[in-house]
1. If you check B:SER110 against the conditions, is it assigned to a loop (DSSP other than H, G, I, E, B), of a type outside the set (Lys, Arg) and more than 20 Å from the chain's Cα centre (by Cα)?
2. Just checking, does segment A:65-82 include any residue being in contact (Cβ under 8 Å) with a residue 24 or more places away in the chain, more than 14 Å from every other protein chain (Cβ to nearest Cβ) and small (Gly, Ala, Ser)?
3. Hey, among the residues in segment B:13-28 that are surrounded by fewer than 19 Cβ atoms within 10 Å (Cβ to Cβ) and in a strand (DSSP E or B), which one's nearest to the other protein chains (Cβ to nearest Cβ)?
4. Considering only segment B:229-248, I want to know if a residue exists there that is over 21 Å from the mean Cα position of the chain (by Cα), within 14 Å of another protein chain (Cβ to nearest Cβ) and either on the phi > 0 side of the Ramachandran plot or surrounded by fewer than 18 Cβ atoms within 10 Å (Cβ to Cβ) (or both).
5. Right, B:ALA36: in a strand (DSSP E or B), hydrophobic (A, V, I, L, M, F, W, C) and under 26 Å from B:CYS240 (Cβ atoms) or not?
6. What are the residues in segment A:190-219 that are more than 13 Å from chain B (Cβ to nearest Cβ) and closer than 27 Å to A:LEU8 by Cβ, if any?
7. In this structure, is B:GLN41 under 25 Å from B:CYS205 (Cα atoms) and either in the same structural domain as B:LEU124 (by TED's automatic domain parsing) or out of contact with any Asp or Glu (no Cβ under 6 Å at 6 or more places or on another chain) (or both)?
Amino acid sequence: MDMLAVELGPLSLANPILTASGTFGGSDEMADFFDLSRLGAIVLKTVTLHPRRGNRPPRVAETPFGMLNSIGLPNGGIDYFIENQLPVLREIPTTRVVNVAGDTVDQFIEGVRRLDAAGGMDAFELNISCPNVEGGRLPFGSDPKVTEVLVRGVRGVTDLPLIVKLSPNVTDVVVIAQAAAAGGADVLSLINTLLGMAIDPRTKRPKLGSNFGGLSGPAIKPVAVKMVWEVSRSVDLPVIGIGGIRDVDDVIEFLLAGASAVQVGTANYLEPTVIPRLLDELPPRLEELGVSQVTDLIGAVRPFEEI
Amino acid sequence: MQIAEKASVAGRVVKYQGVGAAVHRLTLEVPASIAAPDPGQFYMLRPFDEPLPFLPRAFSVSRSRLADTTLHLDFLIKVYGSGTEWLCDRREGDRVRVTGPLGHGWTLDSTPRRVFLVAGGIGLAPFPATIDALRERSSTVELHLLYGARRADELVGLDDSSYEGVTLEFATEDGSRDHRGYVTDVLAERIASGACGPDDLVLACGPNAMLGAVAKHTLPANIPTQVAMEEAMACGFGVCNGCAVRVLDSAGEFGIYERVCIDGPVFDAMRVDWPALAAIHG
């Protein structure tokens with residue numbers, strides 16, 4: 001077996017490096033930069049049942065070792081996606097994951113139902129960090145009951161693997177992870193962005209047009225590693241680690257914490273060829289560490305005992 | 001040789017030159033296996049292997065030329081924040097991550113009698129290649145550069161052979177050279193006197209407020225106008241959806257967002273929702 005191959009619940013991946021939704025386009029936009037067949041899996045930008053225009057600019061701002069964004073999930077809607085993006089996606093020779101969001105539980109279910117009927121993807125990832133319009137605009141993923149109902153509903157309309165992407169903006173991420181598992185999730189991915197805000201002292205204006213947004217990049221990596229560690233120990237589902245990965249040791253850190261794979265997001269903006277670089281650097285780094293299979297690293301952190 | 005439409009590579013600084021007023025000219029060398037840029041296209045630049053400055057910054061390319069198996073790219077960069085400060089500290093031999101060429105440049109398919117290039121400050125950057133391309137298309141085109149800055153000593157970057165034969169007019173906010181006020185006042189005067197009209201072309205690059213003022217004068221006079229826009233941007237190649245600008249949709253209503261990086265950076269001024277832009281940056 002190839003030293004980089006990993007199992008992600010029902011999914012067998014050639015390697016553990018995936019793209020993070022929202023940072024890699026809606027089909028093959030990145031194909032000019034490298035051969036997309038090298039990806040462990042491609043995870044596309046969120047699609048929603050109805051088209052969305054996106055948020056008021058400015059939508060991005062640099063922050064220390066990271067960035068804030070408030071993009072607002074602009075997309076042409078699921079019917080547009082099926083007609084225009086899915087045919088391109090089908091030609092990308094890797095595991096294909098479509099990320100879905102909605103304003104209501106029913107929109108998630110109807111969206112996944114239509115996509116599943118169209119076919120051509122290998123798994124779904126549910127973005128449950130968006131506001132629940134029927135639930136006082138609180139994010140779906142901040143309430144364990146809503147999370148379970150949502151995942152169970154989607155589970156009912158597809159046999160494809162379901163990845164549930166968890167928000168860090170909760171009191172206890174383990175409770176939400178357990179709810180997603182109870183609803184029938186196959187895989188958990190975490191973390192989505194951390195809520196944050198930045199203000200320009202000269203103009204007294206927030207740096208984002210939506211006033212606040214989501215923080216990503218190396219700044220959030222320790223938060224993500226800790227949440228991956230907690231969730232992977234508490235829930236019997238494979239975990240995908242996300243948050244600030246830029247270097248090969250970042251990948252290894254998430255695997256040690258308990259992730260079976262990782263997603264690379266913000267680093268694609270800095271270095272569009274970061275993923276092939278990580279894939280080139282990972283095997284020699286594993287050899288240096290005396291590891292013969294990448295799977296040997298999963299959850300292999302040696303936590304200190306209390307003394 | 002297979003030519004890549006765009007790529008992200010280690011570029012090497014082959015020439016550095018300070019041109020005054022915190023403006024620097026940087027020539028970067030990349031492999032000639034990457035397509036040469038069209039006038040008005042841009043590149044994302046950041047450190048090749050250092051963590052900071054974090055996000056890449058977008059820069060219009062001033063001109064490019066093939067040099068053996070390499071492509072030389074000239075940039076005109078003004079120190080403004082940490083990203084431009086880092087770039088302007090580079091010297092010959094240093095490495096820079098270069099991603100591009102990106103976006104859509106000027107549409108130069110018409111044959112106008114006169115072209116008015118309107119530059120605000122460092123907005124002068126894309127014009128050398130633009131002038132060369134205009135002259136390639138027409139030997140008789142009359143070229144005017146209207147160049148504005150706060151003060152006379154900020155009117156830099158004209159030490160380029162492309163500007164020979166171009167009629168130069170200046171505006172400074174403090175009146176230290178030629179017209180006191182904005183460069184768009186000069187444009188408005190030309191329009192009022194009939195020296196710039198519907199058979200001409202206006203190409204503008206500068207701060208968004210200046211571009212809005214250009215459009216305010218040219219659009220009622222039916223003068224074809226293209227503007228090279230800027231907006232906060234993280235990737236530069238269409239995947240982050242950060243650099244949204246509100247434009248006319250196919251029904252002629254303002255309401256959709258397009259991306260400055262791949263739908264622009266050059267837009268037909270008629271399509272831009274200028275009041276929305278002013279509100280966003282106000």
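1. No; evaluated as a whole, the condition is false for this residue.
2. no
3. Ranking the candidates gives B:VAL13 first.
4. Yes, that holds for at least one residue.
5. The answer is no for B:ALA36.
6. Result: A:LEU190, A:ILE191, A:ASN192, A:LEU194.
7. The answer is yes for B:GLN41.
Residues are listed down the side, and each one gets a yes or a no for (1) in contact with a Pro (Cβ under 9 Å, 6 or more places away or on another chain); (2) surrounded by fewer than 17 Cβ atoms within 10 Å (Cβ to Cβ); (3) away from every other protein chain (no Cβ under 14 Å):
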site	(1), (2), (3)
B:PHE42	yes, no, yes
B:PHE59	no, no, yes
B:GLU92	no, yes, yes
B:ARG97	yes, no, no
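The values are calculated or read from the model by the stated rules, or taken from the named source; none is laboratory data. Remember, predicted model here, so these are calculated numbers, not experimental data. Cβ atoms come from the backbone with ideal geometry, glycine included; neighbour counts cover every protein chain shown.
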